[in-house]
1. Over segment 122-249, consider all pairs of different Cα atoms and compute the Kirkwood hydrodynamic radius from their mean reciprocal separation; express it in Å, one decimal.
2. What do you get for trypsin sites (Lys or Arg not before Pro) in segment 193-249 restricted to DSSP loop and a cutoff of at most 14 other Cβ within 10 Å of the site's Cβ?
3. Calculate, in nm to one decimal, what Ser231 and Arg211 gain on full extension: separation in residues at 0.36 nm each, minus their alpha carbon distance.
4. Counting other Cβ atoms within 10 Å of each Cβ, which chymotrypsin sites (Phe, Trp or Tyr not before Pro) in segment 83-165 have at most 14 and sit in a DSSP loop?
5. After finding the eigenvalues of the alpha carbon gyration tensor for segment 170-219, what semi-axes result from the square roots of 5 times each, listed largest first in whole Å?
6. Among the GluC sites (Glu not before Pro) within segment 135-237, which fall in a DSSP loop and have no more than 15 other Cβ atoms within 10 Å of their own Cβ?
Amino acid sequence: MNRIVLAWIALAGFLAGCAGGDDPSPAAAPTPSPVETGFFSGGECPPAPYDDLPDDAGCATAASDGDARLTVYALLDGEAKPRAWRVRLAGEGAEIDQKLREANVWSYPRALGATDVDRDGEREWWLKVADYGSHGAAWGGLHVFVVRGGALVPVTFEGEPLTVDFGGISRLGQGAVCRDGRLVLLRVWARDRQNTRWWVSERTLEIEEGRARLVDTRRRTIAVDSYTDPSLVRNYRVRCDGTTFTPFD
């Protein structure tokens, strides 16, 4: 087993074991509660465990925040595979059930949780919409949804749904952090062959009325002793409002 593979195994183990902690948001913030999926992308879907979904629903995941629950589920074909994806929001006066247009039959999206990214008092819902297969790594893409006009709509950036990538491989990582009511997209990549010096890129987005705009871009260098250095690992996760999402969710 070569050094890169060993390094990724060490990093993956550290990510899985450190799902909390270094978010600068208040500790009293609500913590979303995703459920275990019981399925994998491309596989058959187990029946949905929720009574309020159609009989042919499966591959369901849900996340709760207060009395509100967001559920992502598939409508299944005769082989227990997704033929369409839907998203449902229920509770606290909301009752929305709609097609998840940002997903396809191969993407196997998942509900992760809710945060208040821009500190406006209204929650945004996080959905994992894509898995990226690269060197067997845990690496995925998230969309952020808000309620507008009685529907769940994705936050957009430059006219397209904003995708927040998180996870990565041994020499490249992506993530995000909520900071001062803004969303900072993170990207790290190794500068030397020994993987001890890394570039860190920060792109700061301001979100207003469901639209994100770029307000700042910065780049710096960090020095680390190993792949498990917290100053490196934090860039492979999404940390917001007291909650951490890892690509293993």
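Read the figures in this text as sums done on the coordinates, not as results from a lab. Computed from a predicted model, the values in this text were never measured in an experiment. Glycine gets a Cβ as well: all are built from the backbone with ideal geometry, and neighbour counts include every protein chain shown.
1. Values: mean 1/r = 0.0656 Å⁻¹.
When all Cα pairs of segment 122-249 are included, the Kirkwood radius is 15.2 Å.
2. Listed in order of number, the matching sites are Arg193.
3. 4.2 nm
4. The qualifying sites are Trp106.
5. Taking √(5λ) for each Cα gyration eigenvalue gives 27, 9, 8 Å.
6. Glu158, Glu209
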